[in-house]
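**Student:** My structure is below; once you've seen it, I'll send some questions.
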Amino acid sequence: MRERTNHMEYTPGMEIIEHDIFNKVISEMNSYDYNSYTEGDVKRALNKDSINLDDFKALLSPAAFPFLEEMARKAQIETKKHFGNSIYMFTPLYISNYCENYCIYCGFNCYNKIHRAKLNAEEIENEMKIIADTGLEEILILTGESPRMSDVKYIGEACNIARKYFKVIGLEVYPMNSEDYAYLHECGADFVTVFQETYNSDKYETLHLEGHKRIFPYRFNAQERAIMGGIRGVGFAALLGLEDFRKDAFATGMHAYMLQRKYPHAEIAFSCPRLRPIINNDKINPKDVHEPQLLQIITAYRLLIPSANITISSRECARFRDNIIDIAATKISAGVDVGIGGHTGENKGDEQFEISDGRTVDEVYTAIVEKGLQPVMSDYLYV
């Protein structure tokens with residue numbers, strides 16, 4: 001392993017933008033003492049029509065735990081107000097698992113001995129045809145974080161192919177400069193999601209030992225650079241269980257909240273992933289983030305930014321996913337395969353993590369309908 005570099009220093013070629021939001025979020029997170037919040041603080045927050053960041057802190061605190069039912073009821077009302085009964089469906093497509101980062105919790109990390117693969121244009125198109133045949137109209141394209149093996153042109157080519165089959169194209173790839181996001185926007189990308197993993201920079205340094213992902217502030221500012229590049233919507237997430245989940249959830253929410261105020265036209269989304277076991281390490285688990293804690297986080301996100309899309313991934317079991325879409329989540333994956341080339345049944349490369357809900361598109365569709373909700377493949381009109 002190479003000598004560890006300073007994780008707070010940009011490397012050549014990385015675009016540097018203002019750190020106003022970065023400084024505020026990290027400062028607020030560091031000073032957040034969730035044990036100082038009381039039952040009274042929680043009740044005050046729940047009695048408001050719209051909450052502020054201090055209320056959000058109260059709702060993430062241990063004092064809010066006895067009020068989970070009330071939080072869920074209020075979140076459900078807000079969700080219905082902004083989304084009606086609509087639940088958006090999509091599936092991820094992993095097109096490459098080559099990675100140059102050494103993140104100790106990730107199955108794709110550059111030192112993990114897994115089968116690596118990268119789909120070519122024909123293989124990407126074959127995967128997309130099969131996905132489109134299920135009726136889905138939204139796709140999330142993912143790669144390992146290797147600008148060398150999955151450069152911007154390669155990702156752009158995948159977006160151009162996706163435009164033939166899908167109305168909405170999301171990306172979950174490595175962070176890049178605003179001009180690169182502008183190019184991918186021209187190729188058809190609508191959304192960019194970036195997991196900060198943890199907002200605790202000291203912990204972040206111990207988890208990301210090599211690669212461009214090691215640079216903490218560059219990753220933090222990825223969503224803003226995406227908006228600067230013309231990307232319509234951006235997604236935020238901490239990988240819950242890596243560090244103190246309450247502080248990470250607070251920082252995730254505040255990060256999105258601040259960017260929404262700076263760029264009111266941008267669409268905001270949250271993902272709520274918990275740690276999952278990976279190849280060669282089945283002992284990885286989300287520590288103290290159990291389902292009730294996850295419910296607390298998701299409902300608090302909904303109350304902070306009522307208009308945000310909230311995705312519930314196949315990392316969670318079918319039972320939890322079916323229940324949370326009736327409360328606060330608005331987007332659900334289906335027909336998921338996290339290997340490379342898995343949709344054609346020819347897995348060419350290993351998966352990033354173990355999924356928990358392997359239901360097909362039809363099965364998830366039926367589960368949504370049985371909840372009295374409306375599955376939506378896409379609600380965007382292009383003229």
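**Student:** Do you know which residues across segment 37-65 are farther than 15 Å from F250 by Cα and hydroxyl-bearing (S, T, Y)?
**Tutor:** Residues satisfying the conditions are T38, S50.
Results for (1) in contact (Cβ under 8 Å) with a residue 40 or more places away in the chain; (2) under 30 Å from E205 (Cα atoms); (3) in a helix (DSSP H, G or I), shown as yes or no for each residue.
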residue: M8; (1), (2), (3): yes, yes, no
residue: E18; (1), (2), (3): no, yes, no
residue: I21; (1), (2), (3): yes, yes, yes
residue: K43; (1), (2), (3): no, no, yes
residue: P66; (1), (2), (3): no, no, yes
residue: I77; (1), (2), (3): no, no, yes
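**Student:** Among the listed residues E145, E122, identify the single one that is charged (D, E, K, R) and outside any loop (DSSP other than H, G, I, E, B). If you could, list the steps in order and put the result at the bottom.
**Tutor:** Numbers: E145 fails: outside any loop (DSSP other than H, G, I, E, B).
None of the others qualify; the one that does is E122.
**Student:** So, in segment 149-180, how many residues would count as being small (G, A, S), closer than 14 Å to A226 by Cα and surrounded by 21 or more Cβ atoms within 10 Å (Cβ to Cβ)? Reasoning before the result, please.
**Tutor:** Of segment 149-180, the ones small (G, A, S) are 150, 156, 158, 162, 170, 178.
Then keep just the ones that are closer than 14 Å to A226 by Cα; that gives 170, 178.
Those left that are additionally surrounded by 21 or more Cβ atoms within 10 Å (Cβ to Cβ): 170.
Of the residues in that region, 1 qualify.
One line per residue, one yes/no per condition, for (1) modelled with pLDDT under 95; (2) touching a Leu at 6+ places or on another chain (Cβ under 9 Å); (3) closer than 25 Å to F90 by Cβ:
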| position | (1), (2), (3) |
| --- | --- |
| N221 | no, no, no |
| A237 | no, no, yes |
| L240 | yes, yes, yes |
| D248 | no, yes, yes |
| I268 | no, yes, yes |
| S271 | no, no, yes |
| I284 | yes, yes, no |
| L295 | no, yes, yes |
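**Student:** In segment 14-36, what count of residues is obtained for those that are farther than 30 Å from A58 by Cα and either aliphatic (A, V, I, L, M) or modelled with pLDDT under 95 (or both)?
**Tutor:** Taking segment 14-36 and keeping what is farther than 30 Å from A58 by Cα, we get 14-17.
Among the residues that remain, those that are also either aliphatic (A, V, I, L, M) or modelled with pLDDT under 95 (or both) are: 14, 16-17.
Count: 3.
**Student:** Could you pull out the residue among Y183, Y111, Y102 that is at pLDDT below 95 and either crowded, with 23+ Cβ neighbours inside 10 Å or within 22 Å of the chain's Cα centre (by Cα) (or both)? Can you show your working first?
**Tutor:** On the way: Y183 fails: at pLDDT below 95; Y111 fails: either crowded, with 23+ Cβ neighbours inside 10 Å or within 22 Å of the chain's Cα centre (by Cα) (or both).
Result of the check over Y183, Y111, Y102: Y102.
**Student:** Further question: Looking at segment 186-220, which of the residues that are of a type in the set (V, I, T) and closer than 19 Å to S150 by Cβ is surrounded by the most Cβ atoms within 10 Å (Cβ to Cβ)? Break it down stepwise before answering.
**Tutor:** Looking only at segment 186-220, we keep the residues that are of a type in the set (V, I, T), and these are 192-194, 198, 206, 215.
Of the ones still in play, those that are also closer than 19 Å to S150 by Cβ are 192-194, 215.
Numbers: V192: 26, T193: 22, V194: 22, I215: 20.
Only one residue tops the list, namely V192.
**Student:** While we're looking at this one, here's another question. Among the residues of segment 140-167, write down those that are over 18 Å from Q223 (Cα atoms), of a type in the set (A, V, I, L, M) and modelled with pLDDT of 95 or more.
**Tutor:** The answer is A158, I161, A162.
**Student:** In a helix (DSSP H, G or I), within 28 Å of D326 (Cβ to Cβ) and not acidic (D, E): is that true of I131 in this structure?
**Tutor:** Working: in a helix (DSSP H, G or I): yes; within 28 Å of D326 (Cβ to Cβ): yes; not acidic (D, E): yes.
Yes: the conditions hold for I131.
**Student:** Taking the condition of being without any contact (Cβ under 8 Å) to a residue 60 or more places away in the chain and within 18 Å of I310 (Cα to Cα), how many residues in segment 45-64 meet it?
**Tutor:** So the answer is 0.
**Student:** Let me ask something else about it. Does E70 satisfy being of a type in the set (D, E), more than 23 Å from the chain's Cα centre (by Cα) and farther than 20 Å from F195 by Cβ? Talk me through it step by step, then tell me what you get.
**Tutor:** On the way: of a type in the set (D, E): yes; more than 23 Å from the chain's Cα centre (by Cα): yes; farther than 20 Å from F195 by Cβ: yes.
So E70 passes the test.
**Student:** What residue, among those in segment 304-329 that are touching a residue at least 60 places away in the same chain (Cβ under 8 Å) and touching a helix residue (DSSP H, G or I) at 6+ places or on another chain (Cβ under 6 Å), is nearest to L53 (Cα to Cα)?
**Tutor:** L304
**Student:** Across segment 165-202, which residue is nearest to S96 (Cα to Cα) among those that are touching a helix residue (DSSP H, G or I) at 6+ places or on another chain (Cβ under 7 Å) and of a type in the set (A, V, I, L, M)?
**Tutor:** The qualifying residue nearest to S96 (Cα to Cα) is V173.
**Student:** Only residues that are under 12 Å from H343 (Cβ atoms) and charged (D, E, K, R): list them for segment 116-169, please.
**Tutor:** If the condition is that a residue be under 12 Å from H343 (Cβ atoms) and charged (D, E, K, R), then E123, E125, E127, K129, D133 are the ones that fit.
So that you can scan it fast, the table gives a plain yes or no per residue for (1) surrounded by fewer than 24 Cβ atoms within 10 Å (Cβ to Cβ); (2) assigned to a helix (DSSP H, G or I):
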{"residue": "L294", "(1), (2)": "yes, yes"}
{"residue": "Y301", "(1), (2)": "no, yes"}
{"residue": "P306", "(1), (2)": "yes, no"}
{"residue": "T311", "(1), (2)": "yes, no"}
{"residue": "S314", "(1), (2)": "no, no"}
{"residue": "R319", "(1), (2)": "yes, yes"}
{"residue": "N323", "(1), (2)": "yes, yes"}
{"residue": "D326", "(1), (2)": "yes, no"}
{"residue": "A329", "(1), (2)": "no, no"}
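The values are calculated or read from the model by the stated rules, or taken from the named source; none is laboratory data. Note that the structure is predicted; figures quoted are calculated from it, not measured. Note: ideal-geometry Cβ built from the backbone for every residue, glycine included; neighbour counts use all protein chains shown.
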